[in-house]
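Notes to accompany the following structure.
The values are calculated or read from the model by the stated rules, or taken from the named source; none is laboratory data. Since the structure is predicted, the reported quantities are computational estimates derived from the model, not experimental observations. Backbone-built Cβ (ideal geometry, glycine too); neighbour counts: all protein chains shown. Ligands, DNA and RNA are stripped out before the accessible areas are found, and what is left, the full protein with its side chains, is counted by its heavy atoms. Shrake-Rupley method; radii C 1.70, N 1.55, O 1.52, S 1.80 Å.
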Amino acid sequence: MEYIICHYGELALKGKNRSVFERRLVKNIERSLPKGSFEFVKRISGRFIIKINKKGLKQKKKIKEALEKVFGISYFAFGYSCEQTLSDMKKKALEALKKKNFKTFRISAKRAGKDFHLTSQQINEKVGEFIIEKLKKKVKLKNPGATCFLEIVEKYALLYTSKIRGLGGLPVGVSGRSVVLLSGGIDSPVAAFRAMKRGMRTIFVHFHAHPYTDKASIEKVKRIAGVLNKFQFDSKLYLVPFADIQKEILLNSPAKLRVILYRTFMLRIAEDIAKKEEALALITGDSVGQVASQTLENLRTVSLATKILILRPLICRDKEEIIKEAININTFNLSILPHQDCCVRFLPLHPETRSNPKEVKIAEKNLNIKKLVKKAVKDVSIVEIGDES
Ligand code: ATP
Ligand code: MG
């Protein structure tokens, strides 16, 4: 089983996009695999093949887990290589199927080029007859107990009996960069995952009120970023001290607007970081109506604070759907750990749910926005999140 065949969803890809996608996907696959576990990753006729080496043969589980986290792969399979002769295909199909427990089977051959002298259907029939004779099993085309796939591509003939589902989506990097406002709650890690799935490389920004709150939120966000990092291989986490800004807002603005003002400042600071990082969009975990700060009115008000594009991947999702996805991507258990959210400090009893941009603009007149944003950006610390985090 020294080859892995990777397939990607190619239907939507045309022209130049396709080659950008393919080149990025090769790089991401190479990056994801355990170091020193493979000889090459090669694109041939609309799929990739990976040749794993001796060391890789001992690391199959790790390799599988790595490829399951590479966006852009729709499915992959560990395969045997055969000579491009009918007799070898029969022999290898027999060997592979012998290892499986089944009553009915099917051979599913595909030729990428038309060089091989038999058609796919002829291969299915001839290899199938051989298996019937040797194993005394029956052919069943719909829902068979086992399927033996044969792909004849260029000089290769690759055979496999099980497909492993990939994540789909687009390879991280093909869609440029975005900055994710990562809170440590349940939603924003899922929003980050969705952004990465559409090919965006994401930079994480977290606002904290340390030293007025303990360090738990920072540690938690680092761990969440570590889980998300497995989908993009290296990440940056900006930690922004937010307590001074909160103090200013607390002293100088109406209580009911506090949370909205926290948000407008977060977005402005994130916009600054996005400029520095050459990112084109901000990503948040907002979902309409989930909490007081996420009514349509309030979302509109805060969006007006910046010019940058703000994307909200979860905007029309129910909490239950979001939780399911958080469990799937392994961030849920971290997100529910207790922590002191900076925004929960000094939360008013009756936050504004129907804000209008005018009243917020008036409230902001009492705040030195430029100075506060500049200071916060100056005081950020950056954590590099690597493979081992
Ligand atoms: P989450 O579960 O992502 O925290 P939430 O439902 O608790 O979301 P809010 O706390 O209102 O909602 O936050 C809305 C969005 O604002 C978050 O999804 C996140 O993108 C951003 N955000 C909130 N607090 C922070 C923070 N401390 N640091 C970075 N981003 C934040
Ligand atoms: Mg939150």
Can you pull out the residues in the stretch 49-71 that are more than 20 Å from the chain's Cα centre (by Cα) and buried (at least 17 other Cβ atoms within 10 Å of the Cβ)?
I49, I50, I52, G56, Q59
Answer yes or no: is there a residue in the stretch 96-107 that is in contact (Cβ under 8 Å) with a residue 60 or more places away in the chain, open to solvent by less than 30 Å² (accessible area, probe 1.4 Å) and in a loop (DSSP other than H, G, I, E, B).
no
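Filter the stretch 290-301 down to the residues that are β-branched (V, I, T) and part of a loop (DSSP other than H, G, I, E, B), then identify the one that is surrounded by the most Cβ atoms within 10 Å (Cβ to Cβ). Steps first, please.
Initial filter on the stretch 290-301 (β-branched (V, I, T)): 291, 295, 301.
Checking the rest, the ones that are also part of a loop (DSSP other than H, G, I, E, B) come to 291, 295.
Working: V291: 15, T295: 17.
By that ranking, first place goes to T295.
Residues in the stretch 331-347 that are surrounded by 14 or more Cβ atoms within 10 Å (Cβ to Cβ) and at pLDDT below 85: how many? Walk me through how you get there before you give the answer.
Let us first name the residues in the stretch 331-347 that are surrounded by 14 or more Cβ atoms within 10 Å (Cβ to Cβ), namely 331-332, 334-335, 339-343, 345-346.
Subset that is at pLDDT below 85: 339-343, 345-346.
Selection size over the stretch 331-347: 7.
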Is it the case that Y160 is outside the structural domain of I322 (by TED's automatic domain parsing) and in contact (Cβ under 8 Å) with a residue 60 or more places away in the chain?
yes
For residues in the stretch 187-209 being open to solvent by 30 Å² or more (accessible area, probe 1.4 Å) and either assigned to a helix (DSSP H, G or I) or β-branched (V, I, T) (or both), which is farthest from G168 (Cα to Cα)?
R194
Please give the number of the condition V380 fails out of (1) open to solvent by 50 Å² or more (accessible area, probe 1.4 Å); (2) under 15 Å from M266 (Cβ atoms).
(1)
All conditions in (1) in a strand (DSSP E or B); (2) of a type outside the set (A, V, I, L, M, F, W, C); (3) in contact with a Pro (Cβ under 9 Å, 6 or more places away or on another chain) are true of G56 except (1)
From the residues in the stretch 302-330 that are open to solvent by less than 40 Å² (accessible area, probe 1.4 Å) and farther than 12 Å from S188 by Cα, which one is nearest to the chain's Cα centre (by Cα)?
I329
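Residue-wise test of (1) in contact with a Ser or Thr (Cβ under 8 Å, 6 or more places away or on another chain); (2) more than 14 Å from ligand 1 (Cβ to nearest atom); (3) assigned to a helix (DSSP H, G or I).
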position	(1), (2), (3)
M266	no, no, yes
A279	yes, yes, no
V288	yes, no, no
A305	yes, no, no
R317	yes, no, no
Mind checking which pairs have a first residue in the stretch 275-302 that is within 16 Å of R258 (Cβ to Cβ) and a second that is within 16 Å of ligand 2 (Cβ to nearest atom) and assigned to a loop (DSSP other than H, G, I, E, B), Cβ under 6 Å, 6 or more apart or different chains?
A292/P351; Q294/D286
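Does the stretch 324-345 include one or more residues that are of a type in the set (A, V, I, L, M, F, W, C) and at positive phi? Reasoning before the result, please.
Let us first name the residues in the stretch 324-345 that are of a type in the set (A, V, I, L, M, F, W, C), namely 326-327, 329, 332, 334, 336-337, 342-344.
Restricting the remaining residues to those that are at positive phi gives none.
Checked the stretch 324-345: no residue is of a type in the set (A, V, I, L, M, F, W, C) and at positive phi.
Return the residues of the stretch 357-389 that are in a helix (DSSP H, G or I) and either touching a strand residue (DSSP E or B) at 6+ places or on another chain (Cβ under 6 Å) or not assigned by TED's automatic domain parsing to the domain that holds K222 (or both); say none if nothing qualifies.
Initially, the stretch 357-389 is screened for residues in a helix (DSSP H, G or I), giving 357-364, 369-378.
A376, the sole residue that qualifies.
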K16 passes all but one of the listed conditions (1) modelled with pLDDT under 95; (2) touching a Ser or Thr at 6+ places or on another chain (Cβ under 8 Å); (3) not small (G, A, S); the exception is number (2)
Name the residues in the stretch 177-229 that are more than 12 Å from ligand 1 (Cβ to nearest atom), within 17 Å of L267 (Cα to Cα) and more than 17 Å from the chain's Cα centre (by Cα), would you?
none
Please go through the stretch 210-254 and give me each residue that is of a type in the set (K, R), assigned to a helix (DSSP H, G or I) and either farther than 30 Å from K64 by Cα or open to solvent by 60 Å² or more (accessible area, probe 1.4 Å) (or both), ordered by number.
K222, R223, K247
Given the conditions (1) within 16 Å of ligand 2 (Cβ to nearest atom); (2) assigned to a helix (DSSP H, G or I), every one holds for G184 apart from (2)
Taking the condition of being outside any strand (DSSP E or B) and in contact with a His (Cβ under 6 Å, 6 or more places away or on another chain), how many residues in the stretch 60-79 meet it?
0
Can you find, within the stretch 127-174, the residue that is surrounded by the fewest Cβ atoms within 10 Å (Cβ to Cβ) among those that are within 25 Å of D88 (Cβ to Cβ) and among the polar types (S, T, N, Q)?
S162
